[in-house]
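Quick notes on the structure that follows.
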Amino acid sequence: MSGILYVVATPIGNLEDMTYRAVRILQEVALIAAEDTRHSRKLLDHYAIKTSLISYHEHNEEQRAAQLIGKLQAGESLALISDAGTPCIADPGYRLVSQCRRVGIQVAAVPGPSALIAALSISGLPTDAFRFVGFLPAKAHGRQQMLTQFKDEQQTVAFYEAPHRLQSALRDIVEICGGDRQLAVARELTKRHEELFSGTAAEAVEYYAGKRVKGELVLLLSPAPKRTPEGSVKEALARLHAETDLRWKEIVKQVAKEFGLPGSEVYKESLKLRD
Ligand code: SAM
């Protein structure tokens with residue numbers, strides 16, 4: 001019988017955000033794989049957890065995953081933790097988890113904090129659907145390219161960003177997505193200097209101008225306002241027909257999407273034009 005790999009979430013700042021189950025599992029497993037063993041030892045000491053730690057980080061993932069799989073297959077149960085929050089969410093762990101799945105080792109979640117979910121939950125931005133894209137690219141060109149994708153995004157977009165790049169990221173958002181776009185910056189969540197900025201992108205630039213931003217943060221961009229299409233459905237159909245080589249089926253689909261109408265309705269309109 002193989003052991004179980006427990007993927008255990010740990011606090012993102014406030015040590016009290018540890019679940020009872022997380023503490024018990026970390027006490028019971030044979031070994032804990034941690035991103036930075038010295039960092040995690042402090043958390044374990046706080047809860048008097050004596051289990052041994054082994055490092056598992058982006059530089060030794062491949063070799064370590066094979067070793068850990070061997071232990072699991074020998075019947076030992078292990079836990080995977082990261083420096084903070086939920087492992088595998090912009091943190092190491094994916095390789096180990098996917099390999100466990102491939103060889104039939106049970107993987108169990110021990111859920112808890114994640115900066116992404118904590119930020120979304122207090123942002124006041126729509127949370128019914130959202131996109132998480134991890135860290136924004138560090139270089140200006142990559143960041144601007146990524147932001148261009150979100151100019152018309154209809155879901156809230158969440159990014160992790162380093163504090164020293166916040167101001168440039170905000171300026172790019174104003175430039176690319178517009179100064180009126182609503183956003184939130186959740187900083188130092190669950191810690192003493194927790195702060196949530198909420199306002200337009202232009203207001204954010206002004207708020208952070210000249211400030212030395214410190215700590216960890218999540219940047220959330222509201223969905224783009226829906227653009228109202230110009231002209232009538234009939235005009236849009238006629239324009240696409242005249243200006244493109246698209247077939248009527250495709251034209252109807254595009255116009256229906258643009259106007260937010262059922263395809264059948266736009267199809268009927270297109271028949272009148274074709275006649
Ligand atoms: N796996 C983690 C999780 O589930 O939250 C995220 C790990 S990622 C390497 C670290 C990034 O998460 C930080 O750079 C920051 O963007 C965000 N973060 C972590 N803790 C945070 C906190 N207390 N407040 C705001 N953002 C935080």
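Annotation note: of GLU194, GLU161, the sole residue that is within 16 Å of the ligand (Cβ to nearest atom), charged (D, E, K, R) and crowded, with 20+ Cβ neighbours inside 10 Å is GLU161.
Conditions (1) in contact with an Asp or Glu (Cβ under 9 Å, 6 or more places away or on another chain); (2) buried (at least 19 other Cβ atoms within 10 Å of the Cβ); (3) assigned by TED's automatic domain parsing to the domain that holds ARG24, marked per residue:
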site	(1), (2), (3)
SER55	yes, no, yes
GLN63	no, no, yes
GLY75	no, no, yes
ILE81	yes, yes, yes
ALA90	no, no, yes
LEU96	yes, yes, yes
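Here the condition is being hydrophobic (A, V, I, L, M, F, W, C), more than 28 Å from ASP17 (Cα to Cα) and not in a helix (DSSP H, G or I); of ALA138, ALA90, ALA109, it holds for ALA138 alone.
Checking the structure you have, find out if any residue of the range 80-92 is among the β-branched types (Val, Ile, Thr) and more than 16 Å from the ligand (Cβ to nearest atom).
Narrowing the range 80-92 to residues among the β-branched types (Val, Ile, Thr): 81, 86, 89.
Now restrict to residues that are more than 16 Å from the ligand (Cβ to nearest atom): none.
No, the range 80-92 contains no residue that is among the β-branched types (Val, Ile, Thr) and more than 16 Å from the ligand (Cβ to nearest atom).
The helices (runs of 4 or more DSSP H) found entirely in the range 206-275 include none that carry 3 or more residues being touching a Phe, Trp or Tyr at 6+ places or on another chain (Cβ under 6 Å) and among the small types (Gly, Ala, Ser).
Across the range 216-244, what is the number of residues that are surrounded by 14 or more Cβ atoms within 10 Å (Cβ to Cβ), without any contact (Cβ under 8 Å) to a residue 60 or more places away in the chain and not aliphatic (A, V, I, L, M)?
Selection size over the range 216-244: 4.
Among the residues of the range 120-135, those that are touching a residue at least 12 places away in the same chain (Cβ under 8 Å) and either of a type in the set (Val, Ile, Thr) or farther than 12 Å from LEU221 by Cβ (or both) comprise ILE122, GLY124, THR127, ALA129, VAL133, GLY134, PHE135. Within the range 1-23, being out of contact with any strand residue (DSSP E or B) (no Cβ under 7 Å at 6 or more places or on another chain) and either of a type in the set (A, V, I, L, M) or over 16 Å from SER40 (Cα atoms) (or both) holds for MET1, SER2, LEU15, TYR20, VAL23.
Scanning the range 245-265 for residues that are surrounded by 10 or more Cβ atoms within 10 Å (Cβ to Cβ) and either aliphatic (A, V, I, L, M) or within 31 Å of the chain's Cα centre (by Cα) (or both) returns LEU246, ILE251, VAL252, LYS253, GLN254, VAL255, ALA256, LYS257, GLU258, PHE259, LEU261. Within the range 17-26, is there a residue that is assigned to a loop (DSSP other than H, G, I, E, B) and of a type in the set (A, V, I, L, M)? Looking for residues that are assigned to a loop (DSSP other than H, G, I, E, B) and of a type in the set (A, V, I, L, M), one finds at least one in the range 17-26, hence yes. Residues in the range 167-191 that are surrounded by fewer than 16 Cβ atoms within 10 Å (Cβ to Cβ) and in contact with a helix residue (DSSP H, G or I) (Cβ under 6 Å, 6 or more places away or on another chain): 1 in all.
The values are calculated or read from the model by the stated rules, or taken from the named source; none is laboratory data. None of the values given here were measured: they were computed from a predicted structure. We place every Cβ from the backbone using ideal geometry, glycine too, and count neighbours over all the protein chains shown.
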